[in-house]
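> Here's a structure for you.
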Amino acid sequence: TPFGHFRLDPDIRPLSYELKVIPRLEESIFYGTFGIVLRSTKSISAITLHSVQLSLSKRDLKLHWQPNEMIELEITDLVWDTQEQTMTISFDGSLAGDLSNETLILSGNYTGILTNDGYGFYQDSFQRAMDGTVSKMAVTQLEPHFARRMFPAFDEPSFKAQFQISVAAPPEWLVQGNVAIRASGQRVHEFPGLVWTEFQTTEVMAPYTVALSVSELDCQNCSNDIQDTPIVRVCARHEQLSLGRGEYACSIPDKALIRLVEEFAIDPLLEKIDLIAPPSKGGAMENWGLNTFGENLLLIDPLSSSDKDRRLALQVVSHELTHQWFGNLITLGFWDEVWLNEGFTSYYSYVGMDAIEPESDHLHFIQTNEVHGAMEYDAWSNGHALKTEITRIDQYEALFDSLSYQKGAAIVRMMIHWISAPTFQRAIHQFLSDTLFGASSSMALTVLDEGGSRSFVMRCAKLTFQVNDLSDNDILLFNPNQTGYYRVNYELENWNKIQLVLMDRPDQISAPTRVQLLNDAFSLAHFEHLDFEVPLHLARYIATDHHHLPWSVLTKELQKVGSYLKLTEVYEKFLQFVSELTRSKYLEIGLADNQEDFTHRFLRKDIIQLSSLCNLEELRIDLEPLMSRWMASLTPDEVDSNPFNQNSRYEIYCALVGQDSVDFWGFLYQRYITAIGNPERESGDILAALGCSNSEAQLEWFLDQLLIANNSITQRFDAYKVLHSVGNNPKGREIVWTWMDLNWNFLKEGTLGPVDLLVSVAAQALGYSSFQLSDQLILDQFLLDHGSDILIASGSIRKAKLQIQSNALWHQTHYDQFEAFFS
């Protein structure tokens with residue numbers, strides 16, 4: 001660009017956009033007109049903005065100068081830069097003279113593509129359960145840099161403006177945008193049968209938060225008895241809402257928003273908010289007034305959904321609502337500081353969750369979910385600073401990673417404990433107030449020293465703590481409750497004392513600190529700061545711990561170790577060790593759900609996970625008659641016929657499938673097929689568990705079902721789960737990539753969902769499960785053959801290669817320790 005880089009010139013900024021869009025789903029295109037009111041703080045003769053996959057020419061554009069009346073300026077040239085995704089419009093400004101601080105209006109017509117890759121203004125479809133007919137829809141996903149696919153845009157987050165948008169659609173269709181509808185019903189003369197829907201003008205907002213949806217989804221109006229809260233609707237496929245699957249999401253926004261308003265003391269400025277579930281949507285997006293979600297993240301079945309399902313939906317909805325402050329009202333200056341949006345939002349989403357279910361201990365999960373997740377990711381060789389230099393457009397997506405979300409949240413948690421919650425709350429209110437409707441950077445969160453300088457000094461020093469009157473039985477504990485973002489190692493003597501205290505009286509150490517000790521010990525061992533003997537001995541106390549969080553941490557750590565040791569000679573001894581840790585707690589807690597509180601149900605889930613991992617004999621004995629009874633049932637698809645605890649079904653199914661029962665695998669697959677035709681039935685856990693098979697032929701057949709025309713898996717976009725479950729299985733790692741290579745042309749069509757997401761899911765599974773360096777060659781060859789067809793997935797493949805290297809190094813470094821320990 002004339003500015004000298006892929007960044008736009010900050011001296012030329014939009015004030016407002018007027019957009020008109022006509023989606024033509026039957027042709028997979030859309031027509032658009034745009035008008036941008038902009039202003040420059042310097043004299044200019046060219047304007048550069050973003051545009052990609054939009055068809056327009058110089059004759060489609062007009063540029064006006066508006067001193068007192070509209071004066072048209074001659075456009076002399078239009079230059080495209082496909083690499084930087086920009087167009088530069090040169091014009092003759094001699095008539096106007098110095099245009100600094102003058103208002104210009106750039107307008108034009110264009111044509112865009114309704115892609116099926118899930119980005120920009122894209123198309124989606126779903127099959128109606130009632131009659132099998134297919135309904136198409138058009139919906140947006142513009143973050144981080146896909147507004148330029150929908151309209152010519154100053155497509156950077158700090159280039160905020162107001163938007164006035166109209167869209168054409170059949171009169172009976174559901175049309176939704178960021179704000180309420182101003183008028184509708186005017187006929188579109190060029191296309192009989194379509195009418196215009198005109199939205200009110202938005203507040204000042206970033207281009208990536210623009211949202212549109214044109215569909216035949218249904219909406220459920222959420223009851224709203226609370227004054228001064230926005231009108232809320234949940235919108236999804238008719239058959240989903242008819243089964244009550246929107247009720248749980250409906251219960252979230254009012255209470256969460258009220259709690260967050262109390263926290264920030266800033267009004268969210270939301271007149272309405274629609275929570276919608278495009279059928280093939282992956283993840284979620286916080287567009288102002290129109291949040292989009294994957295169906296599994298928004299819709300909760302009142303009969304069959306597990307605690308994990310509900311908790312995930314609650315967390316994601318609360319997360320997107322929190323973005324109204326961090327992301328919408330104030331916005332990061334550029335994508336090099338994604339954490340300003342995602343880190344604060346990730347932390348405060350738990351505050352919103354706590355407002356909905358204060359009895360469920362959600363705030364304590366910040367430690368196990370965010371702090372631990374960030375520290376693990378930070379320890380990899382591909383970790384990065386919270387603020388990361390960006391030199392290319394293709395780096396944007398890669399920064400939406402664990403560090404930006406989880407480390408950001410961990411740092412917020414540390415700050416709150418450091419300077420106190422009331423002080424932090426006042427500071428955040430001031431930060432939001434000062435930056436309202438603007439864009440910010442992390443520097444705005446710092447304070448000036450007495451000289452007015454924003455300088456930072458890092459000092460590395462050894463600190464000595466003198467402890468008096470320490471008896472032989474006393475222990476030293478640093479960083480209690482893990483509020484600081486660092487790990488703590490001790491001399492072996494102190495670790496041994498900690499183990500003795502935990503074995504004798506674990507409640508003398510707080511639950512968050514017990515969590516910290518387990519997590520620190522295993523992590524320090526993974527990175528060669530401790531022998532694995534220390535955390536494995538430390539874990540022996542766990543049978544006497546009744547709190548779900550230490551069990552949750554230990555479950556994750558043992559599953560991780562198990563994934564490294566699988567297919568090795570010590571694996572059976574490792575499973576025996578897990579059995580010894582788990583047996584007594586399983587006998588105490590059992591399979592049955594006795595209507596305990598949330599925390600006890602989560603504890604049972606972890607116990608069953610570990611019992612399944614180690615093939616605990618007592619669990620197998622309990623499961624076999626239940627499996628036989630279910631398989632013999634005349635109505636196996638009725639909700640009441642399934643005998644297994646809904647909070648642990650995946651773990652149970654996977655354990656039974658892994659026992660090489662061909663009959664049960666076939667039975668379970670049939671339950672999935674039946675579930676597809678009946679949305680009230682369970683399907684997700686079944687689909688994930690089918691990948692646990694030890695039969696390579698079975699896994700290949702499972703993948704091939706994705707290729708069959710009109711197959712139910714295809715219609716529900718469950719291919720992600722199939723690829724992930726098969727790819728996570730050591731027997732299926734190579735099978736997945738061979739299958740994708742052989743069927744690449746089919747995958748590119750998007751029938752199974754965006755190909756980038758499919759490849760990313762497979763790459764993530766391979767990186768997690770493989771320690772064979774030869775698997776990197778599979779990824780290299782795949783990039784060589786298909787790299788030009790993918791966008792964001794290339795970053796996922798690079799991360800997977802780094803993870804495989806890390807896994808291989810772990811094997812070389814630690815395997816001997818386990819041989820010694822288990823001998």
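The values are calculated or read from the model by the stated rules, or taken from the named source; none is laboratory data. This is a predicted model, so every value here is computed, not measured. For neighbour counting, all protein chains shown are included, and Cβ atoms are generated from backbone atoms with ideal geometry for every residue, glycine included.
Yes/no per residue for (1) part of a loop (DSSP other than H, G, I, E, B); (2) of a type in the set (Phe, Trp, Tyr):
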| position | (1), (2) |
| --- | --- |
| Leu477 | yes, no |
| Asn481 | no, no |
| Asn494 | no, no |
| Thr513 | no, no |
| Pro535 | no, no |
| Arg540 | no, no |
| Trp551 | no, yes |
| Lys556 | no, no |
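> Looking for something modelled with pLDDT of 85 or more and more than 20 Å from Lys556 (Cα to Cα) - is there at least one such residue anywhere in region 362-382?
no
> Would you please list the contacts, defined by Cβ atoms under 9 Å and residues six or more apart or on different chains, that run from a residue in region 623-638 that is in contact (Cβ under 8 Å) with a residue 12 or more places away in the chain to a residue that is of a type in the set (Val, Ile, Thr)?
Leu623/Ile652; Leu626/Ile652; Met627/Ile652; Pro636/Thr674; Asp637/Thr674
> Please verify whether Glu572 is without any contact (Cβ under 8 Å) to a residue 40 or more places away in the chain and under 30 Å from Asp816 (Cβ atoms), treating the condition exactly as stated.
Against the criterion (without any contact (Cβ under 8 Å) to a residue 40 or more places away in the chain and under 30 Å from Asp816 (Cβ atoms)), Glu572 qualifies.
> Looking only at region 509-550, filter to residues that are within 31 Å of the chain's Cα centre (by Cα) and aromatic (Phe, Trp, Tyr); which one of those is farthest from Leu477 (Cα to Cα)?
Phe527
> Right, here's the next one. Report yes if some residue within region 305-322 is touching a residue at least 12 places away in the same chain (Cβ under 8 Å) and touching a Lys or Arg at 6+ places or on another chain (Cβ under 6 Å); otherwise report no.
Scanning region 305-322 turns up at least one residue that is touching a residue at least 12 places away in the same chain (Cβ under 8 Å) and touching a Lys or Arg at 6+ places or on another chain (Cβ under 6 Å).
> Of all residues in region 31-53, which are touching a Lys or Arg at 6+ places or on another chain (Cβ under 6 Å) and among the hydrophobic types (A, V, I, L, M, F, W, C)?
Val52
> While we're here: Identify, from the list Gly283, Gly246, the residue that is under 30 Å from Ile686 (Cα atoms), in contact with a Leu (Cβ under 8 Å, 6 or more places away or on another chain) and surrounded by 18 or more Cβ atoms within 10 Å (Cβ to Cβ).
Within the list Gly283, Gly246, the selection yields Gly246.
> Among the helices (runs of 4 or more DSSP H) lying completely within region 707-757, list those that include at least 3 residues that are modelled with pLDDT of 85 or more and of a type outside the set (A, V, I, L, M).
719-728, 733-742, 744-748
> Return only the number of the condition from (1) acidic (Asp, Glu); (2) out of contact with any helix residue (DSSP H, G or I) (no Cβ under 8 Å at 6 or more places or on another chain); (3) outside any strand (DSSP E or B); (4) in contact (Cβ under 8 Å) with a residue 40 or more places away in the chain that Glu262 does not satisfy.
(4)
> State the number of residues belonging to region 518-544 that are within 26 Å of Asp597 (Cα to Cα) and either surrounded by 20 or more Cβ atoms within 10 Å (Cβ to Cβ) or outside the structural domain of Tyr490 (by TED's automatic domain parsing) (or both).
Selection size over region 518-544: 5.
> Only one of these conditions is not met by Leu340: (1) within 23 Å of Ile273 (Cβ to Cβ); (2) modelled with pLDDT of 95 or more; (3) buried (at least 20 other Cβ atoms within 10 Å of the Cβ). Which number is it?
Among (1) within 23 Å of Ile273 (Cβ to Cβ); (2) modelled with pLDDT of 95 or more; (3) buried (at least 20 other Cβ atoms within 10 Å of the Cβ), Leu340 violates only (2).
> Follow-up question, since we're still on this one. For Asp663, indicate whether it is outside any loop (DSSP other than H, G, I, E, B), at pLDDT below 90, out of contact with any Lys or Arg (no Cβ under 6 Å at 6 or more places or on another chain) and surrounded by fewer than 19 Cβ atoms within 10 Å (Cβ to Cβ).
Taking the combined requirement at face value, the residue satisfies it.
> Condition first: in a helix (DSSP H, G or I) and among the polar types (S, T, N, Q). Now tell me which residues in region 560-575 satisfy that.
Residue satisfying the conditions is Ser563 alone.
> Identify the single condition in (1) out of contact with any helix residue (DSSP H, G or I) (no Cβ under 7 Å at 6 or more places or on another chain); (2) crowded, with 23+ Cβ neighbours inside 10 Å; (3) not hydrophobic (A, V, I, L, M, F, W, C) that Thr345 does not satisfy, given that it satisfies every other one.
With respect to (1) out of contact with any helix residue (DSSP H, G or I) (no Cβ under 7 Å at 6 or more places or on another chain); (2) crowded, with 23+ Cβ neighbours inside 10 Å; (3) not hydrophobic (A, V, I, L, M, F, W, C), Thr345 is out only on (1).
> Tell me yes or no: at least one residue of region 636-659 is more than 29 Å from Leu757 (Cβ to Cβ), at pLDDT below 85 and not in a loop (DSSP other than H, G, I, E, B).
The answer is yes; a qualifying residue exists.
> For Glu198, are the conditions met, namely being closer than 24 Å to Val37 by Cα and acidic (Asp, Glu)?
yes
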